[in-house]
1. Just one of Lys59, Lys83 is of a type in the set (D, E, K, R), at positive phi and at pLDDT below 90; which is it?
2. For Glu207, work out the one condition from (1) part of a helix (DSSP H, G or I); (2) in contact (Cβ under 8 Å) with a residue 12 or more places away in the chain; (3) not aromatic (Phe, Trp, Tyr) it doesn't fulfil.
3. So, in the stretch 133-155, how many residues would count as being in a strand (DSSP E or B) and free of Cβ contacts under 8 Å to residues at least 60 places away in the same chain?
4. Write out, first by first residue and then by second, each pair whose Cβ atoms fall under 7 Å of each other, whose residues are 6+ apart or on separate chains, and whose first residue, in the stretch 105-117, is under 20 Å from Glu162 (Cβ atoms) while the second is acidic (Asp, Glu).
5. Sort out for me the helices (runs of 4 or more DSSP H) sitting completely within the stretch 7-125 that have 1 or more residues that are out of contact with any Leu (no Cβ under 8 Å at 6 or more places or on another chain) and among the polar types (S, T, N, Q).
6. Quick one: Gly62 ticks every box in (1) closer than 15 Å to Ile6 by Cβ; (2) buried (at least 17 other Cβ atoms within 10 Å of the Cβ); (3) not hydrophobic (A, V, I, L, M, F, W, C) except a single one, so which number is it?
7. In the stretch 46-60, how many are under 20 Å from Asp20 (Cα atoms) and free of Cβ contacts under 8 Å to residues at least 40 places away in the same chain?
Amino acid sequence: MVKETILIVDDEKEIRKLIDIYLKNEGYNTLLAENGEEALKLLENNEVHLIVLDIMMPKMDGIEACLKIREDRSMPIIMLSAKSEDMDKIMGLTTGADDYLTKPFNPLELVARIKSQLRRYIIFNDKKSINTSLIEVDGLTMDIETHEVRVNDEEVKLTPREFDILKLLAQNKGIVFSTEKIYETVWGEEFFGSDNTVMVHIRKIREKIEENSRKPRYIKTVWGVGYKFEA
């Protein structure tokens, strides 16, 4: 069985080779690029299921590359960076990344995160699924089978992680989910109280689906508790 193709983008040759070795040992196909410009060219001619994208690179850095990729593609993106400050993480997630790993990293942890992201991506994009599920609420439509979201019949492009969060809330209309519960359900990892990842993703979802993100119609904030999808 042929496994998915993963694009590794990093200006450090040793890092590219390291990730390449671990992924090939898992049976994945790989493509390698040393900057954002090379990555975009590879995307034009190859089917890619996930991207491992370094932030600090010459010619075109990871932030700019991520923004361009997100213009018309929704595969998962895991960002790598030598920076660990919260603002750098927020910047990466805000531009459309689904996950963020700080260098130096454990290659086994990266492989585990790649597998987790791919599982979600494949499930939501499996066109052969026999269970078509539509969620329709006040002008917003989510197709779980095709991973499409529309607001007032206009297509909205969400990242896989953003789609997971919206799906969780929309399938449980009126129920309040804490930040901790959203994180542990969608990310499948233990939540740390200082992590504002969920907040960043909620803000990005609102910017895409709400006419006025400061006065949201769909995702409501329940102060001191969490978030809910308006019933």
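The values are calculated or read from the model by the stated rules, or taken from the named source; none is laboratory data. Being a predicted model, the structure only gives us computed values, none of them experimental. FYI the Cβ positions are ideal-geometry reconstructions off the backbone, even for glycines, and counts take in every protein chain you see.
1. After ruling out the rest, the residue left standing is Lys59.
2. Only one criterion in (1) part of a helix (DSSP H, G or I); (2) in contact (Cβ under 8 Å) with a residue 12 or more places away in the chain; (3) not aromatic (Phe, Trp, Tyr) is unmet by Glu207, namely (2).
3. 11
4. Hits for this filter: Arg113/Asp99; Gln117/Asp98; Gln117/Asp99.
5. Those helices (runs of 4 or more DSSP H) span 13-25, 36-45, 86-94, 107-124.
6. (1)
7. Adding up the residues that qualify gives 1.
One line per residue, one yes/no per condition, for (1) under 17 Å from Gly226 (Cα atoms); (2) surrounded by fewer than 18 Cβ atoms within 10 Å (Cβ to Cβ); (3) not assigned by TED's automatic domain parsing to the domain that holds Leu93:
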{"site": "Asp138", "(1), (2), (3)": "no, yes, yes"}
{"site": "Asp143", "(1), (2), (3)": "no, yes, yes"}
{"site": "Pro160", "(1), (2), (3)": "no, no, yes"}
{"site": "Asp164", "(1), (2), (3)": "yes, no, yes"}
{"site": "Phe191", "(1), (2), (3)": "yes, yes, yes"}
{"site": "Lys208", "(1), (2), (3)": "no, yes, yes"}
